[in-house]
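Asks: Supplied in structure tokens, the structure appears directly below.
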Amino acid sequence: MDCSRAQQSQASDEVDKTTAVVEKQQHSQSKQVSKDVREGEKTGAWKCTKNQLSRIMRPDDANVAGNVHGGNILKMIEEAGCIVGTRHCNTQNGDRCLAALVRVEKTEFLSPVFIGEVAHVTAEITHTSKHSLEVQVKVMAENILTGAKKLANKAALWYVPCSLQNVDKIMEVPPIKYASAEQEEEGRKRYEAQKMERLETKARPEEVMPSPPNPEDPPKEKHTVGFSQSSLIHLVGPSDCTLHDYVHGGVTMKLMDEVAGIVAARHCNTNIVTASVDAINFHRKIKKGCVVTVTGRLTFVSNKSMEIEVLVDASSMVEAEKGKYRAVSAFFTFISLDKDNKPLPVPALKVEGEDEQRRFDEGKARYLQNKEKRLSDKTRGQ
Amino acid sequence: MDCSRAQQSQASDEVDKTTAVVEKQQHSQSKQVSKDVREGEKTGAWKCTKNQLSRIMRPDDANVAGNVHGGNILKMIEEAGCIVGTRHCNTQNGDRCLAALVRVEKTEFLSPVFIGEVAHVTAEITHTSKHSLEVQVKVMAENILTGAKKLANKAALWYVPCSLQNVDKIMEVPPIKYASAEQEEEGRKRYEAQKMERLETKARPEEVMPSPPNPEDPPKEKHTVGFSQSSLIHLVGPSDCTLHDYVHGGVTMKLMDEVAGIVAARHCNTNIVTASVDAINFHRKIKKGCVVTVTGRLTFVSNKSMEIEVLVDASSMVEAEKGKYRAVSAFFTFISLDKDNKPLPVPALKVEGEDEQRRFDEGKARYLQNKEKRLSDKTRGQ
Amino acid sequence: MDCSRAQQSQASDEVDKTTAVVEKQQHSQSKQVSKDVREGEKTGAWKCTKNQLSRIMRPDDANVAGNVHGGNILKMIEEAGCIVGTRHCNTQNGDRCLAALVRVEKTEFLSPVFIGEVAHVTAEITHTSKHSLEVQVKVMAENILTGAKKLANKAALWYVPCSLQNVDKIMEVPPIKYASAEQEEEGRKRYEAQKMERLETKARPEEVMPSPPNPEDPPKEKHTVGFSQSSLIHLVGPSDCTLHDYVHGGVTMKLMDEVAGIVAARHCNTNIVTASVDAINFHRKIKKGCVVTVTGRLTFVSNKSMEIEVLVDASSMVEAEKGKYRAVSAFFTFISLDKDNKPLPVPALKVEGEDEQRRFDEGKARYLQNKEKRLSDKTRGQ
């Protein structure tokens, strides 16, 4: 428990009462408990805007080389964000609500995480607008055998609170207190920037889901887009969903990373890992019982990286008239690693036709822009 | 990350370095990060003896009535304990090692946990002997929609550090610092008490695994021991195991709770929940690839509770010559609940034969002893 | 599970042959498909009679030797069939419905699948009657590091559409268009054949669930039926179920394969894999919250294979009056492999008593019939 909420006196009562019972049972440790509670009271205004989640990485979380899938990291990040966001949005009166993910900012995977390491995911609310909130999440990977720790990922997520009574009703977000006016102002800028981008991508024409390779056609030539293109389908089950019965954003991102990883491995036949994910906008929700089709294809390849576009289409199996719709799309960047986890060169992409060339050029532009940004950040930092 | 280790300067360096990179990227939040790190340095001597883990409870964690299985709580408790124990035992030179669970003290489930709630599991090292350590774990369940929190469970676990080079080599445990001599003395008493009990149960003759109902016999009469007796087998997979390739104690406890729950539900045909688990001693480890047979049978039934003995036998499928062996056994107590989560009366147990009567009498003795202890704790507390 | 059919050359032959057969079967239909696509493009309406699902095989999907369990392949096959069937049956007016599995034809595991490979499961509706539909499913395993692909499995499944309003109401199935009258006629023959077999097995007296070994008896002699007999119980959870809250056929098949694999491993103490599964009829559904007991016992052993009968009984824990009932039963054939995935001889089965002898003789008859069929298929194919 890392927060104690002042305004919810009833809740505090409950904790105190139970603590009291326990105190009688386990004398020495309960001292520790009440100390914790008192400390919470002292710091006072903290208001539960922070949360932490830890988990040992298991074999199923990783690829054959032992690297934990980027998709699992994204899923943990989203779970931590959802907890802190939902908790905060329910500190006021009105309908109970759940924080639904609407956007993840571009995020980079800074260090690989391995099986047996403990991932610590810390989420904190860093900005609130009237109807949305920003959560910044940090993932530290700890090797509990050596004590070594490394920053594996940092991400910023945007949530909106949807009423449990009516999932289409967006609730108001209680404001947070900022440490300084400057901090508040920076948050407002991030808010405006992401809002504009979300509107922009909403208006953009959707990429058509590529048609799956026809197995009776002659096999595609190696290193073409068609050769590595892949898709999977998944039937949405109860454990994929929130209390609203809509798919957790983190579950969708995990599926996207899985497909992108298959595309990348097919292209270079080596151990590959997620290097970064471009901003993802979740324009439309996916309900329990839907079938999601996740397709990935290479758009751009540099010397040492591959950009994969991933498209997620959803369709209800039982309400066919609703048709298939695009739920999410995003660009994942993967790199290829040798046995010592050092980057390998990536085979060049054989581009065929106008559409593939257009996507390649757009990918290249994004690649150059990111490169430039990294350089300028570096220069500014010095 | 909730601890920063002073003596591991290399690790700290790593964090600082990465933090520095990030700082350049995300100006405002990195301030928060460095503040956290500084606070860690300030409190100084804290030495990573604490850990927290949180998770949203999903439909798969719960029964049909929405109550999270006691076995899932036990599994989370053990994961938290393993992390904090392993981390602590690797703060010295010598072989890297893993903390292996050897004992869980009697634990009570104080409040039910429901789907959608967030379970916060906090683990802290509270005592160390030369070769073992005690971890106390607290589970708080938080309803993030209402803000209500309740104490769901408190448990004490004993671990020993096993070398990664040689799983049978027990390493030395670095001592912790105690807040007071009184606290240290209390810990030593708990250590001596559990040591004696472990020796005692090791010497005790093993209960024979009960024979399952023979379907060619006429069906067992309702409410007899044979009627509700149940067993399951499980093939140990990679995700069940530690880096040693031995089963996590938490995984075993989850299977035990699952069987006990089926026995209890068969006896009373209502919604049942775990009320408490008696001390469990893990005398022998279970290796990856083994088949475990987990059998549960009713031993004693009071007005409102059922005691179920659970026996876990393991056998290697590929080293048949090693034979089947008893890995763990324990007593689980279940209660039956109505729709408002209020305890229901439990049908009386029809005891048949000498062995069943003996086990019933022993169970009754445990029941009365616990009842008396609760009363005396209450009186002392007032 | 995981099977690799004997000497790889035979397996390759078989693959070629099967591929050839399929090519012949699907020749005209693939025309249909491309026609559909064209029509789809023209009319903008997609016919949805085909579906593909891909997934990376993870450590938990496989045994200790890295072979993916046959049960996992069966589960993916059934999921793909359920999706394509449900989607098709909802293209008309009337109640929304789910395709419920009623039968899987005999299926062989042609090549082993390993951790890290991508399984591609393609499902296509190949026949419709008034109230049922046939889905043919093909599983290709792709090594994404080498690009190698192999046919792992082919199966044919029969589904009936059950109304979401009333699970006992069977809806009508919209007809599909056949490429030729011949193709339609062949489908009708398959339909009639399976219908007759389903009626037959329904009328057949049920095998009694074997009684588990009594541990108070002296241990069973090695290589007897009783020695390797095994059973597990499983409490049906939400993730096991369809939107109807009934267990997916694929989940049941996975449990059956798990028990059969344990029986086989106990008999020969080696790495074992599923070679084939006889036709399975799902006469009765299993509801969420039920306990299923899955029991496996050896019926017949040849030089290189073991036939295991698996019986699935279900019982509701809260509606005890409904009693236990037989939900499914089937015969699984396993083979034993050495470290190079080559078949090993299997210890002979020690048969005791009349019942075991009768089952052995019946198993031998099935074995000889299959062998003959394979030979005649081979001759015909040349």
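The values are calculated or read from the model by the stated rules, or taken from the named source; none is laboratory data. Treat the numbers as computed from the prediction; the structure is a model and nothing was measured. Neighbour counts run over all protein chains shown; Cβ positions are idealised from the backbone, glycine included. Quick note on the areas: whole protein, heavy atoms, side chains included, nothing else; ligands and nucleic acids left out. Shrake-Rupley method; radii C 1.70, N 1.55, O 1.52, S 1.80 Å.
Table: residues versus (1) among the charged types (D, E, K, R); (2) touching an Asp or Glu at 6+ places or on another chain (Cβ under 7 Å); (3) over 22 Å from residue B:87 (Cβ atoms).
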residue: B:174; (1), (2), (3): no, no, no
residue: B:183; (1), (2), (3): no, no, no
residue: B:190; (1), (2), (3): yes, yes, no
residue: B:199; (1), (2), (3): no, no, yes
residue: B:210; (1), (2), (3): no, no, yes
residue: B:226; (1), (2), (3): no, no, yes
residue: B:242; (1), (2), (3): no, no, no
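Asks: Scan the stretch B:241-258 and tell me whether some residue there is small (Gly, Ala, Ser) and at pLDDT below 90.
Replies: no
Conditions (1) within 12 Å of another protein chain (Cβ to nearest Cβ); (2) in contact with a Cys (Cβ under 6 Å, 6 or more places away or on another chain); (3) without any contact (Cβ under 8 Å) to a residue 12 or more places away in the chain; (4) open to solvent by 10 Å² or more (accessible area, probe 1.4 Å), marked per residue:
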| site | (1), (2), (3), (4) |
| --- | --- |
| C:227 | yes, no, no, yes |
| C:277 | no, no, no, no |
| C:292 | yes, no, no, no |
| C:295 | yes, no, no, no |
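Asks: Could we say that residue A:262 is under 24 Å from residue A:357 (Cα atoms) and crowded, with 21+ Cβ neighbours inside 10 Å here?
Replies: It is true that residue A:262 is under 24 Å from residue A:357 (Cα atoms) and crowded, with 21+ Cβ neighbours inside 10 Å.
Asks: Please state which of the following conditions residue C:195 fails to meet, knowing it meets all the rest: (1) within 14 Å of another protein chain (Cβ to nearest Cβ); (2) assigned to a helix (DSSP H, G or I); (3) not β-branched (Val, Ile, Thr).
Replies: Of (1) within 14 Å of another protein chain (Cβ to nearest Cβ); (2) assigned to a helix (DSSP H, G or I); (3) not β-branched (Val, Ile, Thr), only one is false for residue C:195: (1).
Asks: Can you go through C:153, C:143 and tell me which one is polar (S, T, N, Q) and within 11 Å of chain A (Cβ to nearest Cβ)?
Replies: Going through C:153, C:143 in turn, the sole match is C:143.
Asks: Let me ask something else. Restricting attention to the stretch C:297-308, does a residue exist that is away from chain B (no Cβ under 14 Å), assigned to a strand (DSSP E or B) and either closer than 25 Å to residue C:159 by Cα or hydroxyl-bearing (Ser, Thr, Tyr) (or both)?
Replies: yes
Asks: Also, I was wondering about something else. Being of a type in the set (S, T, N, Q) and either more than 14 Å from every other protein chain (Cβ to nearest Cβ) or in contact (Cβ under 8 Å) with a residue 60 or more places away in the chain (or both) is the filter here; which residues of the stretch A:312-344 pass it?
Replies: A:329, A:333, A:336, A:341
Asks: Still on this structure, I have one more. In the stretch A:134-155, what residues are under 26 Å from residue A:97 (Cα atoms) and of a type in the set (Asp, Glu)?
Replies: A:134
Asks: Would you pick out the residues in the stretch C:366-377 that are under 23 Å from the mean Cα position of the chain (by Cα) and either surrounded by fewer than 16 Cβ atoms within 10 Å (Cβ to Cβ) or not hydroxyl-bearing (Ser, Thr, Tyr) (or both)? Break it down into steps so the answer makes sense when it comes.
Replies: Step one: filter the stretch C:366-377 for residues under 23 Å from the mean Cα position of the chain (by Cα), giving C:366-375, C:377.
Hits for the stretch C:366-377 are C:366, C:368, C:369, C:370, C:371, C:372, C:373, C:374, C:375, C:377.
Asks: Of all residues in the stretch B:51-65 being farther than 28 Å from residue C:287 by Cβ and in contact with a helix residue (DSSP H, G or I) (Cβ under 6 Å, 6 or more places away or on another chain), which is farthest from the other protein chains (Cβ to nearest Cβ)?
Replies: Step by step, filter the stretch B:51-65, then rank; the result is B:51.
Asks: Now a separate question. Just give me the residues in the stretch A:347-365 being charged (D, E, K, R) and surrounded by fewer than 17 Cβ atoms within 10 Å (Cβ to Cβ), in sequence order. Explain how you work it out, then say what you get.
Replies: Just the residues of the stretch A:347-365 that are charged (D, E, K, R), to begin with: A:350, A:352, A:354-356, A:358-359, A:361-362, A:364.
Hits for the stretch A:347-365 are A:350, A:352, A:354, A:355, A:358, A:361, A:362, A:364.
Asks: OK, next. Can you name the residue in the stretch B:66-104 that is more than 8 Å from chain A (Cβ to nearest Cβ), polar (S, T, N, Q) and under 25 Å from residue A:146 (Cα atoms) and, of all such residues, is surrounded by the most Cβ atoms within 10 Å (Cβ to Cβ)?
Replies: Once the filter is applied, the top-ranked residue is B:92.
Asks: Select from the stretch A:105-155 the residues that are touching a residue at least 60 places away in the same chain (Cβ under 8 Å) and more than 18 Å from the chain's Cα centre (by Cα) and write down the one among them that is surrounded by the fewest Cβ atoms within 10 Å (Cβ to Cβ).
Replies: Ranking the candidates gives A:129 first.
Asks: So which residues in the stretch C:105-120 are among the hydrophobic types (A, V, I, L, M, F, W, C) and facing chain A (nearest Cβ under 9 Å)?
Replies: Selection gives C:115, C:118.
Asks: Restricting to the stretch A:167-194, name every residue that is free of Cβ contacts under 8 Å to residues at least 60 places away in the same chain and of a type outside the set (A, V, I, L, M).
Replies: A:168, A:175, A:178, A:180, A:182, A:183, A:184, A:185, A:186, A:189, A:192
Yes/no matrix, rows are residues, columns are (1) farther than 26 Å from residue A:102 by Cβ; (2) open to solvent by less than 60 Å² (accessible area, probe 1.4 Å); (3) not aliphatic (A, V, I, L, M):
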site	(1), (2), (3)
A:157	no, yes, no
A:161	no, yes, yes
A:191	no, yes, yes
A:219	yes, no, yes
A:222	yes, no, yes
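Asks: Within the stretch A:250-259, does at least one residue satisfy the condition of being within 12 Å of chain C (Cβ to nearest Cβ), open to solvent by less than 10 Å² (accessible area, probe 1.4 Å) and more than 22 Å from residue C:122 (Cβ to Cβ)?
Replies: So far as the stretch A:250-259 goes, yes, one or more of its residues are within 12 Å of chain C (Cβ to nearest Cβ), open to solvent by less than 10 Å² (accessible area, probe 1.4 Å) and more than 22 Å from residue C:122 (Cβ to Cβ).
Each row is one residue, and each column tells you yes or no for (1) closer than 25 Å to residue B:158 by Cβ; (2) assigned to a strand (DSSP E or B); (3) touching a Ser or Thr at 6+ places or on another chain (Cβ under 9 Å); (4) at pLDDT below 90.
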| residue | (1), (2), (3), (4) |
| --- | --- |
| B:294 | yes, yes, yes, no |
| B:315 | no, yes, yes, yes |
| B:329 | yes, yes, yes, no |
| B:345 | no, no, yes, no |
| B:354 | no, no, no, no |
| B:357 | no, no, no, no |
| B:362 | yes, no, yes, no |
| B:369 | yes, no, no, no |
| B:378 | no, no, no, yes |
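Asks: Counting just the residues of the stretch C:163-175 that are crowded, with 18+ Cβ neighbours inside 10 Å and within 13 Å of chain A (Cβ to nearest Cβ), which one comes out farthest from residue C:194 (Cα to Cα)?
Replies: Among those that are crowded, with 18+ Cβ neighbours inside 10 Å and within 13 Å of chain A (Cβ to nearest Cβ), it is C:164.
Asks: Hey, among the residues in the stretch C:235-247 that are surrounded by fewer than 23 Cβ atoms within 10 Å (Cβ to Cβ) and touching a residue at least 40 places away in the same chain (Cβ under 8 Å), which one's farthest from the other protein chains (Cβ to nearest Cβ)? Spell out how you get there, then give the answer.
Replies: The first filter runs over the stretch C:235-247 and keeps only residues surrounded by fewer than 23 Cβ atoms within 10 Å (Cβ to Cβ), leaving C:235, C:237-239, C:241, C:243-246.
Filter again for touching a residue at least 40 places away in the same chain (Cβ under 8 Å), leaving C:235, C:237-238, C:241, C:243-246.
Numbers: C:235: 6, C:237: 5, C:238: 4, C:241: 8, C:243: 5, C:244: 10, C:245: 9, C:246: 14 Å.
Checked the stretch C:235-247; the qualifying residue farthest from the other protein chains (Cβ to nearest Cβ) is C:246.
Asks: Here is a follow-up. Would you please list the contacts, defined by Cβ atoms under 6 Å and residues six or more apart or on different chains, that run from a residue in the stretch C:358-369 that is more than 12 Å from residue C:302 (Cα to Cα) to a residue that is modelled with pLDDT under 95 and not in a helix (DSSP H, G or I)?
Replies: none
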